[in-house]
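K.L.:
The structure follows.
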Amino acid sequence: MRTTQFPLNTVKETPADAEIISHQLMIRAGLIRKLAAGLYSWLPLGLRVLRKVEKITRDEMEKAGALEVLMPTLQPAELWQETGRWEQYGPELARLKDRHDRDFCLGPTHEEIITDLARNELKSYKQLPITFYQIQTKIRDEIRPRFGVMRSREFIMKDAYSFHLDQASLQESYEVMYRAYSNIFNHLGLKFRAVIADSGSIGGAISHEFHVLADSGEDAIAFSSASDYAANVEKAEALAPTGERPAASTPMVLVDTPAQHSIEEVCTFLTIAPTQCLKTLIVKGEEEGLVALLLRGDHELNKIKAEKLAGVAAPLTFASEADIIAACACKPGSIGPIGLTMPIIADRSIALMADFVCGANQDGKHYQGVNWGRDLPLPELADLRTVVEGDPSPDGQGHITLARGIEVGHIFQLGTKYSGAMKAGIINEAGKHQIMLMGCYGIGISRVVAAAIEQNHDGRGIIWPTNLAPFQVALLPMNMHKSERLKALAEQLYQDLQAAGIDVLFDDRKVRAGFMFSDMELIGIPHCIIVGDKSLDNGTVEYKARTSRDNEELPLTDVLAFLQ
Ligand code: ATP
Ligand code: MG
Ligand code: MG
Ligand code: MG
């Protein structure tokens, strides 16, 4: 490809709303452009990377024996009503009506649709086990879309669903997928960990999340210092031994934190030590006859949860974000825990928004967002625990260390959760109708691109892992437009590289050398071949790896062999 025919859309300015480096670099390198909050277009350069993630994922799915399908984004409400999720899902589900006033939604995930397909298409136990997958656009009306394609409202997911006669078969396919996921993230060249996740459904259900390790990750993961134990903090908390707990009759105040605030801010307000957070909040609450819990996110969802909690600890009153804004006379978006909580505590009213926040990471910077998902049973008050660095590992071996991760994949043994509700069965060997068991397996294809950048960048731009790079080699001629001989040499090398099957970007623009270099560093091409006067005089080129600061001189005749 030539840059005169494949324009690079690099920009100098960092957009004001780009809080994390991957978002900034994706805009600056010209990979994506914002359409509206949480909605992005992929430019040609970005799409090349996205397609690489897709291809590596698709290849592993095929190797794992999964069959590709493609299901609609627009989905009739009836299927979601069958499983009860039409009511349960909350405002993240984008709902709409068609011209006949019938209810539809835009699929955030496809369990209902695949289960409907399977109950119609699968008839006999002989067809099992079977795994279907698709790579398709998902819509989630995220309460706070942010970080570019990391948490967007429309994104590409690879979602797979398996169907089984029994638990042993589900377990087997689950392990196949677990290995396929590990292969995918290894091929992508990412540092990742698979961690035990809280399934949140019927007890005993098994689930793992795959996290790309990055300091900016929204999730906290807990590792044992002495064993392979790794869990997301939510799960580690669920397993943590219970200690002191407040009496069930303790009055309770829930404090709204509409955005992520530094733990110092909240602790200053509550006059507690930053490392103590929830435990201390409970202790302090007991002293004062109050328990403070920090919540953020979706109001409606948590109102339901809090109503249940009210049965545990009273008294509670409810306030919407709008109520708080009115009560505190502050502007939407400007409310923080300090300005906000004071009148709320005084009133003993609560504000409820989405995820449950119950802890601080060790460096005390942010709360851990602990997601009591829609289908999670409400935690007992005694279960509201936080895991901190140095706690004993739940497996009894060593101590907990914490790290930040970006959830890029999630695999799950669903059992009969959907197949039962939708009566998806087959005829078994005994000739009887039997409900199938299911597994489901997701990878956030578009999020992977952002996560890869979050993990691989420097002050000059992106450093793509080889298998993700939009081009492998940049061919950079110096002042080619002033020398016919150099032009001929560069053109020849371009042909030779292409003929050797090397994915090369030939910078044939009439631009300064410094401009070329900074563009190639920003967009993260792993290898640069620089041709100039020396190439004509001595038959050498300069080679520079994106990961190194220094250039190497290579004989022109060695270039192909060197790059292959
Ligand atoms: P999160 O906890 O980050 O909200 P999730 O647990 O809701 O993610 P899943 O339902 O497990 O997500 O979906 C499978 C995968 O889809 C996730 O592991 C993640 O990689 C990706 N994903 C989920 N939500 C988004 C989003 N809003 N934007 C981009 N990718 C997403
Ligand atoms: Mg989510
Ligand atoms: Mg999650
Ligand atoms: Mg998940």
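The values are calculated or read from the model by the stated rules, or taken from the named source; none is laboratory data. For clarity, every value in this text was computed on a predicted model and none was experimentally measured. Quick reminder, even Gly has a Cβ in these numbers, built from the backbone with ideal geometry, and neighbours come from all protein chains shown. For the accessible areas, the whole protein counts, side chains as well, though only heavy atoms, and no ligand, DNA or RNA atoms are used. Shrake-Rupley method; radii C 1.70, N 1.55, O 1.52, S 1.80 Å.
K.L.:
Would you confirm, using the coordinates I've provided, whether Gly431 is open to solvent by less than 50 Å² (accessible area, probe 1.4 Å) and either assigned to a loop (DSSP other than H, G, I, E, B) or free of Cβ contacts under 8 Å to residues at least 24 places away in the same chain (or both)?
P.N.:
Numbers: open to solvent by less than 50 Å² (accessible area, probe 1.4 Å): no; either assigned to a loop (DSSP other than H, G, I, E, B) or free of Cβ contacts under 8 Å to residues at least 24 places away in the same chain (or both): yes.
Here the answer is no, as Gly431 does not meet what is asked.
K.L.:
Within the range 438-468, restricting attention to residues that are closer than 16 Å to Thr547 by Cα, in contact (Cβ under 8 Å) with a residue 24 or more places away in the chain and open to solvent by 40 Å² or more (accessible area, probe 1.4 Å), which residue is nearest to ligand 2 (Cβ to nearest atom)?
P.N.:
Here the residue is His457.
K.L.:
Can I ask one more? In the range 99-128, which residues are more than 28 Å from the chain's Cα centre (by Cα), open to solvent by 40 Å² or more (accessible area, probe 1.4 Å) and not basic (Lys, Arg)?
P.N.:
Those that are more than 28 Å from the chain's Cα centre (by Cα), open to solvent by 40 Å² or more (accessible area, probe 1.4 Å) and not basic (Lys, Arg): His100, Asp101, Asp103, Asn120, Glu121, Tyr125, Gln127.
K.L.:
Restricting the search to the range 136-189, which residues are under 25 Å from Leu96 (Cβ atoms) and in a loop (DSSP other than H, G, I, E, B)?
P.N.:
Arg140, Asp141, Glu142, Ile143, Arg144, Pro145, Ser152, Arg153
K.L.:
Here's a follow-up. Can you name every residue in the range 140-183 that is within 16 Å of ligand 4 (Cβ to nearest atom), modelled with pLDDT of 95 or more and aliphatic (A, V, I, L, M)?
P.N.:
Result: Met150, Ile156, Met157, Ala160, Met177.
K.L.:
Would you list the helices (runs of 4 or more DSSP H) that sit entirely within the range 469-557 and hold 1 or more residues that are open to solvent by 20 Å² or more (accessible area, probe 1.4 Å) and farther than 27 Å from Leu31 by Cβ? Full working, then the answer.
P.N.:
On the way: elements: 484-499, 513-523, 533-538.
Once the helices (runs of 4 or more DSSP H) in the range 469-557 are filtered for at least 1 residues that are open to solvent by 20 Å² or more (accessible area, probe 1.4 Å) and farther than 27 Å from Leu31 by Cβ, what remains is 484-499, 533-538.
K.L.:
Another one. Of the residues that make up the range 150-166, is at least one aliphatic (A, V, I, L, M), within 16 Å of Arg58 (Cα to Cα) and touching a Leu at 6+ places or on another chain (Cβ under 9 Å)?
P.N.:
Step one: list which residues in the range 150-166 are aliphatic (A, V, I, L, M), which gives 150, 156-157, 160, 165.
Next cut, within 16 Å of Arg58 (Cα to Cα) only: 156-157, 160.
With the extra rule that they be touching a Leu at 6+ places or on another chain (Cβ under 9 Å), the set shrinks to 156.
The answer is yes; a qualifying residue exists.
K.L.:
Right, next: How many residues are at positive phi and either open to solvent by 20 Å² or more (accessible area, probe 1.4 Å) or away from ligand 3 (no atom under 16 Å from the Cβ) (or both) if we restrict to the range 70-98? Give the steps one after another, and end with the answer.
P.N.:
First, the residues of the range 70-98 that are at positive phi: 84, 90.
Then drop every residue that is not either open to solvent by 20 Å² or more (accessible area, probe 1.4 Å) or away from ligand 3 (no atom under 16 Å from the Cβ) (or both), which leaves 84.
Looking only at that region, the number is 1.
K.L.:
Next up: Take the residues of the range 69-96 that are part of a strand (DSSP E or B) and either more than 20 Å from Ala424 (Cβ to Cβ) or within 16 Å of ligand 4 (Cβ to nearest atom) (or both): which is farthest from the chain's Cα centre (by Cα)?
P.N.:
From the range 69-96, those part of a strand (DSSP E or B) are 74-76, 94-96; that's our starting set.
Next, from what is left, pick out any that are either more than 20 Å from Ala424 (Cβ to Cβ) or within 16 Å of ligand 4 (Cβ to nearest atom) (or both): 74, 94-96.
Working: Leu74: 23, Ala94: 19, Arg95: 23, Leu96: 26 Å.
Looking at residues that are part of a strand (DSSP E or B) and either more than 20 Å from Ala424 (Cβ to Cβ) or within 16 Å of ligand 4 (Cβ to nearest atom) (or both), I get Leu96.
K.L.:
Which one of Thr547, Thr540 is hydroxyl-bearing (Ser, Thr, Tyr) and more than 41 Å from the chain's Cα centre (by Cα)?
P.N.:
Values: Thr547 fails: more than 41 Å from the chain's Cα centre (by Cα).
The unique qualifying residue is Thr540.
K.L.:
Only one residue in Thr131, Thr83 is touching a helix residue (DSSP H, G or I) at 6+ places or on another chain (Cβ under 7 Å) and farther than 23 Å from Arg58 by Cβ, so which one is that? Walk me through how you get there before you give the answer.
P.N.:
Values: Thr131 fails: farther than 23 Å from Arg58 by Cβ.
Only one candidate qualifies: Thr83.
K.L.:
Out of Ile406, Ile411, Ile426, report the one residue that is touching a His at 6+ places or on another chain (Cβ under 8 Å), part of a strand (DSSP E or B), farther than 24 Å from Thr137 by Cβ and open to solvent by less than 30 Å² (accessible area, probe 1.4 Å). Can you show your working first?
P.N.:
Details: Ile406 fails: farther than 24 Å from Thr137 by Cβ; Ile411 fails: farther than 24 Å from Thr137 by Cβ.
Matching residue, one of Ile406, Ile411, Ile426: Ile426.
K.L.:
For the range 64-86, name all the residues that are charged (D, E, K, R) and more than 14 Å from Glu112 (Cα to Cα). Reasoning before the result, please.
P.N.:
We begin by selecting, within the range 64-86, every residue charged (D, E, K, R); these are 68, 78, 82, 85.
Hit for the range 64-86 is Glu68, nothing else.
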